[in-house]
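As structure tokens, the structure follows; a few thoughts come after it.
The values are calculated or read from the model by the stated rules, or taken from the named source; none is laboratory data. In this text, all values refer to a predicted model and were calculated from it rather than measured experimentally. Methodologically, a virtual Cβ is constructed for each residue, glycine included, from the backbone with ideal geometry; neighbour enumeration extends over all protein chains shown. Each accessible area value is taken on the protein alone, full model and side chains, heavy atoms only, with ligands, DNA and RNA left out. Shrake-Rupley method; radii C 1.70, N 1.55, O 1.52, S 1.80 Å.
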Amino acid sequence: MALTESPVGFDCTMAGLATCPMTHVTELEAGRGILREISGRKTMPQVLIRVGIAPSIENKPAPTPRRALREVLEFRP
């Protein structure tokens, strides 16, 4: 199944999983060859998506303070 046929990132997020797309492993032929061998396909790998469980944050930090929109946005005629 092609990545365009299944929104992997969205599906993982809905399942409570974290994702990390990694394209550096496909930059060289050696990396693409390993991914072809693992996947059993003869296609050109473009990205490897690492899927896992995000660590829980027991003590969530306070939200970062934000400036008011009127302080950073100005409309001119």
Reported set for the range 7-26 where residues are polar (S, T, N, Q) and in a helix (DSSP H, G or I) is Thr13, Thr26
Output for the range 38-63, where each listed residue is open to solvent by 90 Å² or more (accessible area, probe 1.4 Å) and within 23 Å of Pro7 (Cα to Cα):
Ile38, Arg41, Lys42, Met44, Gln46, Arg50, Ile53, Pro55
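Given the criterion in contact with a Cys (Cβ under 6 Å, 6 or more places away or on another chain) and modelled with pLDDT of 90 or more, identify the matching residue among Val72, Val47, Val51.
After ruling out the rest, the residue left standing is Val51.
When you scan the range 25-44, do you find a residue that is in contact (Cβ under 8 Å) with a residue 24 or more places away in the chain and small (Gly, Ala, Ser), even just one? Quick ask: steps written out before the conclusion?
Narrowing the range 25-44 to residues in contact (Cβ under 8 Å) with a residue 24 or more places away in the chain: none.
No, the range 25-44 has no match at all.
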Total residues in the range 24-34, condition open to solvent by less than 100 Å² (accessible area, probe 1.4 Å) and more than 18 Å from the chain's Cα centre (by Cα):
6
